[in-house]
Amino acid sequence: MKRVSLTQYLVEEQRLHNNIPASLRLLIEVVARACKTISHSVGKGALGDILGSANTENIQGEVQKKLDVISNEILLEANEWGGHLAAMASEEMESIHPIPNRYPMGEYMLLFDPLDGSSNIDVNVSIGTIFSVLKAPEGMTAPTEADFMQPGSQQVAAGYAVYGPQTMLVLTTGAGVNCFTLDREMGSWVLTQKDLQIPEETKEFAINMSNQRHWYPPVTRYVDEMLAGKTGPRGKDFNMRWIASMVADVHRILNRGGIFMYPADQRDPSQPGKLRLMYEANPMAFIVEQAGGAATDGRQRILDIAPQKLHQRVPVFLGSKSEVERVTSYHQE
Ligand code: P6P
């Protein structure tokens, strides 16, 4: 494949699809640069005094890792000055982060999970950054949380960086999904996979099986049928993977198919699952749909959900279309 940089790709996409105006291109390039910085910090490990707990808690009541806080700061500082954003929101911050008055306010709003899968940091397993871009409402002067309450179908861009054996950036602006690999020697993102397509069929599922006794019947039925293998109702054997890092699990599914599930369960009916709608489920659902897959909460398209709260959680079923449709149909019965 001819070597194409992220910037060249974005400029050429704008010519082709007119869906990446200069301010959005700047936003994507700034986020991509921040992910390079995060990758550098992640890569230091114990050599960089970045492992372990920050001895603080985030809005989710989760103990923050040092890298959660560092990554959040990197994204905030990188995006404040460019004039492309009106506000930001993060898994690591209770309320929205308006652009400081000393900088011009832009037309976009950026949401992110700065370091997803952080329980894996200290054991050297792939983690990642997830981001979502919404347009600021016309005429907005002082951003509020209400301005962020837009369904995922309103996203103008979404992506993630995965910090694994390679550092990769996966991006959609609504015209397919493309993947860039970080060339560490040149410090540049290079287009390495174009127009990723998730295989419609699969033999691989991803779920945390330790929650099995808490699942609702549709999920139990769906998983039991796969576990029954060749002699069961599905007539084929399935494999299971669970990295406990959404970015890594979704990246595998984008490349070889599969279904990722984090369902609601009977432990806490008030909490519909663990994953957050605005900066985990929505961006991943946009990417997965753009790659020919599907993403529901068990009943409706994730991208159709009308958000009520910035940090609201949602059940997630995403990946190969035929499997997502099947498990979703079990919820309708
Ligand atoms: P569990 C990471 O903490 C995360 O938010 C996702 O990245 C991941 O898919 C999920 O939680 C793992 O949850 O309950 O298996 O540890």
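Observations, loosely collected:
- The residues on offer are HIS40, HIS84, and the sole one that is open to solvent by 20 Å² or more (accessible area, probe 1.4 Å) and either over 13 Å from THR173 (Cβ atoms) or modelled with pLDDT under 90 (or both) is HIS40.
For (1) buried (at least 21 other Cβ atoms within 10 Å of the Cβ); (2) touching a helix residue (DSSP H, G or I) at 6+ places or on another chain (Cβ under 9 Å); (3) not hydroxyl-bearing (Ser, Thr, Tyr), each residue gets a yes or a no:
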| position | (1), (2), (3) |
| --- | --- |
| VAL247 | yes, yes, yes |
| HIS251 | yes, no, yes |
| PRO283 | yes, yes, yes |
| VAL288 | yes, yes, yes |
| ARG299 | no, yes, yes |
| ASP304 | no, yes, yes |
| LEU318 | yes, yes, yes |
| THR328 | no, yes, no |
| HIS331 | no, yes, yes |
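- Close contacts from the stretch 258-286, counting a first residue that is of a type in the set (Lys, Arg) and a second that is within 12 Å of the ligand (Cβ to nearest atom) and open to solvent by 30 Å² or more (accessible area, probe 1.4 Å), with Cβ to Cβ under 6 Å and a gap of 6+ residues or different chains, come to ARG267/HIS214; LYS274/TYR262; ARG276/ARG313.
- Any hit, the stretch 110-129, residues being away from the ligand (no atom under 16 Å from the Cβ), touching a helix residue (DSSP H, G or I) at 6+ places or on another chain (Cβ under 7 Å), under 22 Å from ASP304 (Cα atoms) and at pLDDT 95 or above: yes
- Selection of helices (runs of 4 or more DSSP H) fully inside the stretch 223-333 by the criterion of at least 2 residues being more than 12 Å from the ligand (Cβ to nearest atom), at pLDDT 95 or above and over 14 Å from the mean Cα position of the chain (by Cα) returns 246-256, 321-332.
- Among the residues of the stretch 1-21, those identified as in a helix (DSSP H, G or I), among the aliphatic types (A, V, I, L, M), over 16 Å from THR167 (Cα atoms) and open to solvent by less than 70 Å² (accessible area, probe 1.4 Å) are LEU10, VAL11.
- Members of the stretch 71-120 found to be in contact (Cβ under 8 Å) with a residue 40 or more places away in the chain, aliphatic (A, V, I, L, M) and within 15 Å of GLU57 (Cα to Cα), listed by number: LEU115
- Among residues of the stretch 213-222 being within 16 Å of the ligand (Cβ to nearest atom) and surrounded by fewer than 15 Cβ atoms within 10 Å (Cβ to Cβ), the one that is nearest to the chain's Cα centre (by Cα) is HIS214.
- Filter pass, ASP265 being in contact with a strand residue (DSSP E or B) (Cβ under 6 Å, 6 or more places away or on another chain), farther than 23 Å from LEU115 by Cα and of a type in the set (D, E, K, R): yes
- Count of the stretch 43-60 residues which are closer than 19 Å to VAL162 by Cα and open to solvent by 30 Å² or more (accessible area, probe 1.4 Å): 3
- The lone criterion from (1) within 13 Å of MET278 (Cβ to Cβ); (2) more than 19 Å from the chain's Cα centre (by Cα) left unmet by LYS66 is number (1).
- Here SER119 clears all of (1) closer than 29 Å to VAL4 by Cα; (2) under 20 Å from the mean Cα position of the chain (by Cα) except the condition numbered (1).
- Number of positions in the stretch 224-244 that are out of contact with any helix residue (DSSP H, G or I) (no Cβ under 7 Å at 6 or more places or on another chain) and without any contact (Cβ under 8 Å) to a residue 24 or more places away in the chain: 9
- Positions within the stretch 167-212 being within 16 Å of the ligand (Cβ to nearest atom) and open to solvent by 40 Å² or more (accessible area, probe 1.4 Å), in sequence order: ASN208, MET209, SER210, GLN212
The values are calculated or read from the model by the stated rules, or taken from the named source; none is laboratory data. The model shown is predicted, which means the values in this text are computed figures rather than measured ones. Cβ coordinates were reconstructed from backbone atoms using ideal geometry, including for glycine residues, and neighbour counts include every protein chain displayed. These area figures cover heavy atoms from the full protein model, side chains too; ligands, DNA and RNA do not enter into them. Shrake-Rupley method; radii C 1.70, N 1.55, O 1.52, S 1.80 Å.
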